Amino acid sequence: MSALLDPILNFLKCPTPERWLHAAAADPATLLIDHCNCELKAAQAAVRLMRRYDAVPEQAMREWLGPYEAVSFGRMAPSELLANRPATPVISHKSEMVDKLFLLVREELHHFEQVLEIMAERGVRYGAVSASRYANELLAVARKTEPEALVDRLIIGAYIEARSCERFAALIPHVDERLGRFYHSLLRSEARHYQDYLALAERFSPEPITERVEALGKAEAALIERPDPQLRFHSGVPA
Ligand SMILES: [Fe+2]
Ligand SMILES: [Fe+2]
């Protein structure tokens, strides 16, 4: 596990605070619902990037994500989605971005289904849980002109994936065995998502990305270490 986690701990500018771990372990239902939302948001963000900067068939993407979004809006029962899981569309277009992000979307949607299964086992109902400040405040720091805007969004993607991976690993000793096994099973894909986003940032940046990685890493760590009135998967120190 340390070969997987060491580069991530090195990349992040701070570890998850102990107080967050205890608060998260004390409110597993909120954490599961927010985790489910995060998986969908990760898939949606990757689809947005592919639509904006590459070529993916709009209609196929809408049909693919539609049922997951219907669950998140409360328009479809989770059991209905789990009984009729949407098929992965076949797309002929290939590029480095599509190669990496298409696989990422497929994995995030699978994680979404897995969280729904765990929620069903535990009788946790999919209810409305507002988004945390984390992703929006990070995206607000991104530069606004191209190609810098794309590079920053990719680096931010890398931080979100790296933080998710770090939090899953840190939560394992604090949760029950079933949830611990599930979090452990997510580590490998989340670590690859972090690497893929970082590789894409390097690929699309006309200059070395070291400085931006540093600046966005500090912004990310500030959100993790700042008091936060809400408990969410990516929230700060419980206020
Ligand atoms: Fe995921
Ligand atoms: Fe991910």
Diffusion coefficient in µm²/s returned for the stretch 6-64 by Stokes-Einstein, Kirkwood Rh over C-alpha pairs, 4 °C and 1.567 mPa s, is 89
Across Leu103, Leu31, Leu198, the residue with the highest GNM fluctuation in the chain (Cα network, 10 Å cutoff) is Leu103
Rounded to a whole %, the carbon-and-sulfur portion of the accessible area of the stretch 2-238 at a 1.4 Å probe is 54
Note, the stretch 66-75: 3J(HN,Hα) by Karplus (6.51, -1.76, 1.60, θ = phi - 60°), whole Hz, Gly/Pro = x, goes x, x, 5, 5, 4, 5, 5, 8, x, 8
Cα extents of the chain per principal axis, largest first, Å, are 49, 41, 32
Residue separation between Ala131 and Arg178 times 0.36 nm, minus their alpha-carbon distance, gives in nm 14.3 nm
Per 10 angstrom bin, beginning at 0 and ending with the bin that holds the maximum distance, the Cα pairs of the stretch 164-239 fall in percents of 17, 35, 35, 13, 1
For Met76, the residues 5 or more places away or on another chain with a placed amide H closer than 5 Å to its own amide H are Val71
With x for Gly and Pro, the residue-by-residue ³J(HN,Hα) of the stretch 11-26, computed from phi through the Karplus equation 6.51 cos²θ - 1.76 cosθ + 1.60 at θ = phi - 60° and given in whole Hz, is 6, 6, 8, 7, x, 5, x, 3, 5, 5, 4, 5, 5, 5, 5, 7
For Lys94, the aspartates and glutamates lying under 17 Å Cα to Cα, once residues fewer than eight places off in the same chain are dropped, come out as Asp54, Glu58, Asp196
At q = 0.10, 0.14, 0.16, 0.20 Å⁻¹, the log10 of I(q)/I(0) for the stretch 26-133 from a Debye sum over equal Cα scatterers comes to -0.29, -0.56, -0.71, -1.02
accessible surface per residue for the stretch 1-110, probe 1.4 Å, DNA/RNA/ligands not counted, whole Å² -> 50
Expressed in nanometres to one decimal, the distance between label points 7 Å along Cα→Cβ at Glu202 and Ala25 is 3.7
Relative contact order in percent for the stretch 105-225 (Cα pairs under 8 Å, 6+ apart) equals 30
With 0.36 nm assigned to each residue of separation and the Cα-Cα distance removed, Ala219 to Asp6 gains 74.6 nm
Cross-link reach from Lys13 to lysines, straight Cα distance under 30 Å and at least 8 residues apart if same chain, gives Lys41, Lys100, Lys144, Lys218
Karplus ³J(HN,Hα) for the stretch 153-158 (6.51 cos²θ - 1.76 cosθ + 1.60, θ = phi - 60°; Hz, whole; x = Gly/Pro) runs 5, 5, 5, 4, x, 4
Under the helix-only model (-39500 (n - 2.57) for each DSSP H run of 4 or more, divided by the residues of the chain), the mean residue ellipticity at 222 nm, to 500 deg cm²/dmol, is -23500 deg cm²/dmol
Restricting to Cα pairs under 8 Å and 6 or more apart, the percent relative contact order of the chain works out to 32
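The values are calculated or read from the model by the stated rules, or taken from the named source; none is laboratory data. Please read all numbers here as calculations on a predicted model, not as lab measurements. Glycine also receives a Cβ, built like all others from the backbone with ideal geometry; neighbour counts cover every protein chain displayed. To get the accessible areas, we keep the full protein, side chains included, count just its heavy atoms, and leave off ligands, DNA and RNA. Shrake-Rupley method; radii C 1.70, N 1.55, O 1.52, S 1.80 Å.
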